[in-house]
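Trainee: Quick one: structure below, then a few questions.
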Amino acid sequence: MKLTNATEQALAILAILAIQKKEVPVSSETIYTKLSVSQSYVKKLLRKLVVSKIIAGVSGNNGGFFLEKETKDISLLEIVEAIEGPFESFPDVGILQRAFSGFDEYAQNGDNIISAYFSEADRAWEDKLKQISIQEVLEKVFEKEDNIPTKNWNTI
């Protein structure tokens, strides 16, 4: 499975929210302007992140979005799954069984073996992304700074 552009855009949204001054939510207008994508598309991404309880929103004139959790508690896997759904690299739509229909027992066995290898690789990939938090990413990005900087993105 190849991750879509939506995952990179969601990561950008979370970076914006993570650096945002805590007392000020980021407006959806600021987010779609910074990402240079349509307002309706950004709203779909924001909705997925809200449903996954990664971010939350406040309505009104001074409303916007903010992180629902601390950055140390948001893993890269959570973001991927919020946007893309559960990860599965091998679709297993039955092509191997159809291609080797004269070898039914072997085709099924081969299909099971291949599926198991891909599933094992998927779990390793998930385990790795589960260990990496947004906080860890930000600390590496801003490793030359004493603290992770904050901004009010609504005024930039």
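The values are calculated or read from the model by the stated rules, or taken from the named source; none is laboratory data. Computed from a predicted model, the values in this text were never measured in an experiment. When we count neighbours, we look across all protein chains shown, and the Cβ atoms used for this are built from the backbone with ideal geometry, even at glycine. Side chains included, ligands, DNA and RNA excluded: accessible areas come from the protein's heavy atoms. Shrake-Rupley method; radii C 1.70, N 1.55, O 1.52, S 1.80 Å.
Trainee: Just to confirm, what accessible area per residue do you get for region 22-129 at 1.4 Å probe, in whole Å²?
Mentor: 64
Trainee: So if I place +1 on the C-beta of Lys and Arg and -1 on the C-beta of Asp and Glu, and nothing else carries charge, what would the dipole magnitude of region 35-150 be about its Cα centre? I want it in debye, nearest 20. Working shown, then result.
Mentor: Working: 13 positive and 20 negative charges, 134 e Å.
Its charge dipole is roughly 640 debye.
Trainee: Starting from the Kirkwood Rh over alpha-carbon pairs, what translational D in µm² s⁻¹ does the chain have by Stokes-Einstein at 10 °C and 1.306 mPa s? Please list the in-between numbers first.
Mentor: Working: Rh = 17.7 Å.
Answer, rounded: 90 µm²/s.
Trainee: Would you mind checking which residues have amide H under 5 Å from I55's amide H? H placed 1.01 Å from N; only 5 or more apart, or other chain.
Mentor: Amide H to amide H, under 5 Å and 5 or more residues apart or across chains, I55 pairs with V50, E68.
Trainee: Determine one quarter of the surface area of the Cα convex hull of region 76-156, which equals its mean projected area, and express it in nm² to one decimal. Intermediate values should be presented prior to the final figure.
Mentor: Numbers: hull surface 32.7 nm².
The orientation-averaged projected area of the Cα hull of region 76-156 comes to 8.2 nm².
Trainee: Filter the chain for me: DSSP H helices, axial length by Cα at least 15 angstrom, mean Kyte-Doolittle hydropathy not below -0.5. List them by residue number. Mind showing how you got there, number by number?
Mentor: Details: long enough: 5-19 (21 Å, 1.51); 39-51 (18 Å, 0.17); 104-131 (40 Å, -1.20).
Within the chain the helices that satisfy the rule are 5-19, 39-51.
Trainee: Between region 82-110 and region 7-77, what is the C-alpha centre distance in whole Å?
Mentor: Centre-to-centre (Cα) distance: 37 Å.
Trainee: Cross-link partners among aspartates and glutamates for K144, C-alpha distance below 18 Å, same-chain residues fewer than 8 apart left out?
Mentor: E136
Trainee: Same structure, new question: Would you work out which of S115, L67, S52 lies farthest towards the positive end of the dipole of the chain, given +1 charges on the beta-carbon of Lys and Arg and -1 on that of Asp and Glu, about the Cα centre?
Mentor: Result: L67.
Trainee: While we're looking at this one, here's another question. Out of residues 5 or more away from Q20 or on other chains, whose amide H comes under 5 Å of its own, with H placed 1.01 Å from N in the peptide plane?
Mentor: Amide H neighbours of Q20: K151.
Trainee: Name the aspartates and glutamates eligible as straight-distance cross-link partners of K130: C-alpha to C-alpha under 20 Å, and not fewer than 8 places from it in the same chain.
Mentor: Leaving aside aspartates and glutamates fewer than 8 places away in the same chain, those within reach of K130 are E8, E68, E70, D73, E78, E81, E84, E88, E120, D122, E139.
Trainee: What length, rounded to one decimal in nm, is gained on full extension from T4 through to E70, with 0.36 nm per residue of separation minus their alpha-carbon distance? All intermediate terms of the calculation are to be shown ahead of the outcome.
Mentor: Numbers: separation 66, 0.36 × 66 = 23.76 nm, distance 2.52 nm.
Full extension of this stretch gives 21.2 nm more.
Trainee: Related question: If you place +1 on the Cβ of every Lys and Arg, -1 on the Cβ of every Asp and Glu, and leave all else neutral, what size is the dipole of region 50-91 about its Cα centre, to the nearest 20 Debye?
Mentor: Working: 3 positive and 7 negative charges, 39 e Å.
Approximately 180 debye in magnitude.
Trainee: Using the charge dipole of the chain (Lys, Arg: +1 at Cβ; Asp, Glu: -1 at Cβ; taken about the Cα centre), state which of L138, P86, S101 has its Cα farthest towards the positive end.
Mentor: Positive-most Cα among the choices belongs to L138.
Trainee: With a cut-off of 8 Å between alpha carbons and a minimum separation of six or more residues, what is the relative contact order of the chain in percent?
Mentor: Details: 164 pairs, mean separation 47.2, N = 156.
Relative contact order here is 30 percent.
Trainee: Between V24 and F103, what length comes free when the chain is fully extended (0.36 nm per residue of separation minus the Cα-Cα distance, one decimal in nm)?
Mentor: Gain on extension, V24 to F103, equals 22.1 nm.
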